[in-house]
Protein chains: 2
Amino acid sequence: MTVSPEDLSAAYRGQKVLITGGAGFIGSNLARRLVDLGAFVTVVDSLIPDYGGNLFNLSKYQDRLQLNIADVRDQYSMNYLVQGQNYLFNLAGQVSHTDSMQNPYTDLEINVRAQVSILEACRNYHPSIRILFTSTRQVYGKPVRLPVDENHPIDPVDVNGINKTAAEKYHLLYGHLYGIPVSVLRLTNVYGPRMRIMDARQTFIGLWLRQIIQGQTIRVFGDGQQLRDLNYVDDVVDAMLVASSLPAAVGQVYNLGGEPISLIDLAKQIVDANENGSYELIPFPPERKAIDIGSYYGNYSKIYSALGWEPKVSLKMGLEQSLSYYRKNISRYL
Amino acid sequence: MTVSPEDLSAAYRGQKVLITGGAGFIGSNLARRLVDLGAFVTVVDSLIPDYGGNLFNLSKYQDRLQLNIADVRDQYSMNYLVQGQNYLFNLAGQVSHTDSMQNPYTDLEINVRAQVSILEACRNYHPSIRILFTSTRQVYGKPVRLPVDENHPIDPVDVNGINKTAAEKYHLLYGHLYGIPVSVLRLTNVYGPRMRIMDARQTFIGLWLRQIIQGQTIRVFGDGQQLRDLNYVDDVVDAMLVASSLPAAVGQVYNLGGEPISLIDLAKQIVDANENGSYELIPFPPERKAIDIGSYYGNYSKIYSALGWEPKVSLKMGLEQSLSYYRKNISRYL
C-alpha cells in the first residue's frame with residue numbers, strides 16, 4: 001500500500017485539524033504542510049520557554065491558520081478546542097531527558113497529566129476525533145536486541161521515558177475503552193528545519209548543527225561508536241499524515257526509523273555537509289552516562305508493510321537542507 | 001534460602017520503619033507485625049475516605065507506634081518523615097480500578113505524583129533508606145500466558161494499571177540512578193483481616209466476605225470460570241519483611257502468587273467456610289467487562305528460588321480467620 005500526494009490532499013483538504021505543540025519543531029512543519037494541503041489548521045502551543053515552541057516556525061503561515069496560545073494542561077481550553085475538529089495531532093510535550101531528571105514533576109505534568117486532560121476532553125466532548133500521538137523510542141530503554149521492533153520490551157531508563165510510556169498507554173486505553181480512533185508513532189531522532197538548536201534539549205543533532213554553523217567543534221560523547229537512526233522531519237510529517245488518514249492504523253503502534261549510523265560518522269557527515277568544521281571525542285558527562293542507552297536503531301517494517309511508509313530523504317540531503325535553513329535564520333533560534 | 005522468625009526478629013528489632021498507607025489493609029497488618037518484632041514503627045496515612053485507611057486497624061497498637069496523619073503528596077512532610085528511618089514500606093495508593101477510570105486525575109496524583117514525592121524525599125534527604133514498593137499484577141494487563149512470570153509483557157488495561165506501572169518504574173529508576181536500595185513486589189489478590197469490605201474498591205473478596213456475613217447472596221460476574229490466585233495477608237507481610245531484609249532483593253521485582261482457583265469455586269469455599277450462605281452468577285456490568293482481564297494467576301518461583309518465600313496459609317484457614325475477624329468487628333468496617 002502506498003499513499004500518494006493526491007491521496008493526502010484528498011484526505012485533508014477542507015478538514016479541521018488541531019495540532020498541540022504546533023509551534024514546536026515537528027508540529028510547525030506538520031502545520032505548514034497541512035495548510036498547503038488545504039486543511040483548516042488550529043495550532044495550540046503554550047510557548048513555555050525551553051520547550052521548542054517558536055512563533056517564527058509559523059512565519060508566512062500565520063494568516064492561514066488559527067493560533068491559540070494555551071497550555072494543554074488546561075482542561076477547559078482543551079474541552080473547547082477539540083470540539084468540531086476532524087483530526088488531532090497530539091505533539092505537545094517536554095522532550096528533554098536531562099530536564100526530566102532534574103524536575104520530574106514538570107515532566108509528569110506535561111507528559112502525563114496534560115495528556116489525560118486532552119484525552120478526557122476528547123472522551124467527553126468529541127470521542128470520534130481522529131488522534132495521532134507521537135511517542136518515542138525512549139519507551140524501549142536500553143535495547144536488548146537490534147533493530148528494535150514494536151514487540152521489544154518496554155523498559156524506559158529515564159523519567160521522560162517512563163512518562164511517555166504512560167502517555168502512550170493512556171492513548172491506547174482511551175481508544176480501546178471509549179472508541180476514540182487513536183494511532184501512536186514511536187519517533188526516533190528527528191532533525192530538520194525549525195528544531196531547537198540552542199541546546200541539546202530536543203536532540204543532540206540540533207546542538208551539533210548550531211555548533212558547526214558557528215564554527216565551534218562538535219563534541220561527541222564516549223568513543224562515538226554508538227549507533228542511532230535519524231529521520232528528516234518531512235519524512236516524519238509524511239508518516240503522521242499517512243497514519244492518520246488510514247483506518248488500518250487505528251489502535252496501532254508503529255516505530256519510525258532509518259539507516260543506523262554511528263555518532264562519529266554522523267559528526268563527519270555534518271562536517272562534510274557544511275564543507276567546513278571539526279569534531280572531537282570527549283568522555284560522557286556522568287548525568288548523561290547514567291541514562292545513556294548505548295546503540296539504538298529501529299525496525300520500521302510494520303509501518304512499511306501496513307501503511308507503505310518509509311523514509312525518503314537521504315541523510316546528506318537532509319543535513320544540507322537543515323544547514324541551509326539555519327544559516328539563513330540562525331538569529332531566530334538563539 | 002529460608003528466613004526464620006529469628007532472622008526477621010534480628011533484622012527488624014530496634015530498627016526505625018516508616019510505612020506509608022500504614023492504616024490501610026496490608027499496611028496495618030505489617031505495622032502490627034513489625035511492632036511485635038520490636039521495630040520502631042511510624043505509620044503515615046492520609047485517611048482519605050474510600051482509600052482503606054481505618055484507625056481501628058491499629059487498635060491496641062496505637063501506643064506502641066507513631067501515627068502521623070499526612071498525605072504522601074505533601075513533599076515537605078515526606079522530606080521530614082523519611083529522615084532517620086532504616087526502612088520504608090511504601091504502600092500508599094489508590095487501588096480501585098473503577099474509580100481510576102472515573103477520575104484518572106486522582107489516581108495519577110496518588111499513584112504517580114505522590115510516589116515521585118516520596119522518591120524525591122529519599123533521593124534528597126536519605127538515599128540509603130531501604131525501600132519496598134508494593135506494585136500489582138495489574139501491570140501485566142490481560143495475560144497472554146499463564147502462569148504469569150515477571151518477564152510477561154507489561155500491558156496494563158486500566159488507568160490504575162498504567163499509573164502503578166509508572167510508579168514501579170520510578171522506584172527502579174531511582175534505585176538505579178541514585179543508589180537507593182529498592183525492591184518491588186507485584187501483589188495479586190490479597191485478603192484477610194483489616195481489609196475494606198464496604199465495597200469492592202480494594203478487591204471483590206472484601207465485598208463477598210461482607211455479603212456472606214450479612215446474609216446476602218454473593219454475586220459472581222460472568223460464568224465464574226475466571227481463575228485468580230489469592231494470598232492471605234500474613235503471607236504477604238512475610239514476603240515484604242523477607243524481601244526488605246535480604247540484600248539479594250535490591251533492584252529486583254518479584255511476583256507473589258498462590259494456587260489458582262475459579263471465582264465460582266472461591267464463592268463455594270466462602271459459603272463453606274461460613275457454613276451458610278449462597279451465590280449466584282450475574283452478567284458482567286459493562287464498566288467492569290471493559291477492563292476485565294480474564295484469568296490470571298502468577299508464577300512466584302522467582303521469589304521462592306531467590307528468597308525462599310512461598311504462601312503458607314491455606315485458603316480454608318485464611319477464609320475462616322477472615323470471617324471470624326469480620327463477624328466480631330463488622331461495625332468497624334461499614
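Computed from the coordinates by the stated procedures, all read-outs in this text should not be read as laboratory data. Just so you know, these numbers come straight off a predicted model, no measurement behind them. No Cβ is skipped: glycine too gets one built from the backbone with ideal geometry, and neighbour counts run over all protein chains shown.
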Task: For segment A:92-139, the fraction of alpha-carbon pairs in successive 5 Å shells from zero, as % - done: 5, 19, 25, 22, 14, 10, 5, 1
Task: 0 to 90° range, to nearest 10: angle between helix B:315-329 axis and chain B longest Cα axis - done: 80 degrees
Open item on the list: Taking every pair of distinct Cα atoms and averaging 1/r, then inverting, what Kirkwood hydrodynamic radius in Å comes out for segment B:1-136?
Closed with: 15.2 Å
- [ ] Note the angle between two axes, namely the Cα long axis of helix B:204-213 and the longest principal axis of the Cα atoms of chain B, as a number of degrees from 0 to 90, rounded to the nearest 10.
- [x] 60 degrees
TODO: Within 10 Å of each Cβ in peptide B:159-168, how many partner chain Cβ atoms are there on average? Round it to a whole number, please.
DONE: 4
TODO: For segment A:11-27, just list the computed ³J(HN,Hα) in residue order, Karplus coefficients 6.51, -1.76 and 1.60, θ = phi - 60°, integers in Hz, with x standing in for Gly and Pro.
DONE: 5, 10, 4, x, 7, 9, 10, 9, 10, 7, x, x, 9, x, 4, 6, x
Task: Residues A:302, B:312 arranged by fewest to most Cβ contacts within 10 Å - done: B:312, A:302
- [ ] Express as a percent, rounded to the nearest 5, the fraction of DSSP beta bridges in segment A:161-267 (both residues included) that run antiparallel.
- [x] 35 percent
Task: Amide H partners (placed H, <5 Å) of residue B:190, local residues excluded - done: B:231
Task: Cα shape, segment A:153-198, gyration tensor, a/c 1.5 rule - done: oblate
TODO: Mind putting a number on the dipole of the protein assembly as shown about its Cα centre? Charges go on the C-beta only, +1 for Lys and Arg and -1 for Asp and Glu, and I need it in Debye to the nearest 20.
DONE: 580 debye
Task: Reciprocal of mean inverse Cα separation for segment A:60-111 (Kirkwood radius, Å) - done: 13.3 Å
TODO: Can you pull a Stokes-Einstein diffusion coefficient for chain B at 37 °C (0.692 mPa s), Rh from Kirkwood over Cα pairs, as a whole number of µm²/s?
DONE: 165 µm²/s
Open item on the list: Taking beta carbons within 10 Å but only from partner chains, what does the mean come to for residues B:101-114?
Closed with: 3
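State the percent of C-alpha pairs, over all pairs in segment A:222-334, separated by a distance greater than 26 angstrom.
Summing the P(r) tail past 26 Å for segment A:222-334 gives 35 percent.
Pairwise over distinct Cα atoms, reciprocal of the mean inverse distance: report the Kirkwood radius of the protein assembly as shown in Å, one decimal place.
Result for the protein assembly as shown, one decimal place: 26.6 Å.
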Open item on the list: Can you work out the Karplus-derived ³J(HN,Hα) for every residue in segment B:284-299? Use 6.51 cos²θ - 1.76 cosθ + 1.60 with θ = phi - 60°, whole Hz, and x for glycine or proline.
Closed with: 4, x, x, 6, 7, 4, 4, 10, 6, 10, x, 7, 9, 8, x, 8
Open item on the list: Over the Cα atoms of segment B:247-291, what radius of gyration and what Dmax do you get, in Å?
Closed with: 17.3, 47
- [ ] Taking every pair of Cα atoms in segment A:175-244, average 1/r, invert it to obtain the Kirkwood radius, and report Rg/Rh to two decimals.
- [x] 1.12
- [ ] Could you go through segment A:158-174 in sequence order and give the Karplus-derived ³J(HN,Hα) for each residue, using 6.51 cos²θ - 1.76 cosθ + 1.60 with θ = phi - 60°, rounded to whole Hz, and x for Gly and Pro?
- [x] 8, 4, 4, x, 4, 6, 5, 4, 4, 4, 4, 5, 4, 4, 5, 5, 5
Task: Order of A:149, A:158 - criterion: other Cβ atoms within 10 Å of each residue's Cβ, fewest first - done: A:149, A:158
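Rounded if a/c is under 1.5, else prolate if a/b is larger than b/c, else oblate: which is segment A:1-79, with a ≥ b ≥ c the root eigenvalues of its Cα gyration tensor?
Prolate is the answer for segment A:1-79, as a/c is 1.5 or above and a/b outweighs b/c.
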- [ ] For peptide A:144-155, compute the average count of partner chain beta-carbon atoms within 10 Å of each residue's beta-carbon.
- [x] 1
- [ ] Can you put A:240, A:198, A:101 in order of Cβ neighbours within 10 angstrom, beginning with the fewest?
- [x] A:198, A:101, A:240
Open item on the list: Using a 7 Å offset from Cα along the direction of the beta-carbon, what are the separations from residue A:105 to the same position in each other copy, nm, ascending?
Closed with: 1.7
TODO: Take the eigenvalues of the Cα gyration tensor for segment B:119-238, scale each by 5, and report the square roots as semi-axes in whole Å, largest first.
DONE: 32, 18, 12
Open item on the list: For Cα pairs less than 8 Å apart in space and 6+ apart in sequence, what is the mean separation divided by the residue count of segment B:1-63, i.e. the relative contact order in percent?
Closed with: 35 percent
TODO: Enter the angle in degrees (range 0 to 90, nearest 10) between the Cα long axis of helix A:263-274 and the first principal axis of the Cα atoms of chain A, meaning the one along which they spread out most.
DONE: 90 degrees
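Rounded, prolate or oblate: which one fits segment B:213-256, using the alpha carbon gyration tensor with axes a ≥ b ≥ c (rounded when a/c is under 1.5, else prolate when a/b beats b/c, else oblate)?
The shape class here is oblate.
Note down the magnitude of the dipole of segment A:116-158 about its Cα centre, charges +1 on Lys and Arg C-beta and -1 on Asp and Glu C-beta and zero elsewhere, to the nearest 20 debye.
100 debye
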TODO: Please sort B:288-298, A:275-285, A:184-194 by packing, taking for each peptide the average over its residues of neighbouring beta carbons within 10 angstrom, highest first.
DONE: A:184-194, B:288-298, A:275-285
TODO: Using the 7 Å Cα-to-Cβ label point, sort the distances from residue B:332 to its equivalents in the other copies shortest first and give them in nm to one decimal.
DONE: 7.0
Task: Distances in nm from residue A:281 to the matching label points in the other copies, shortest first (labels 7 Å along Cα to Cβ) - done: 6.8
TODO: Taking amide H positions as placed in the peptide plane 1.01 Å from N, state which residues far from residue B:227 in sequence (5 or more) or on other chains have amide H under 5 Å from it.
DONE: B:295, B:296
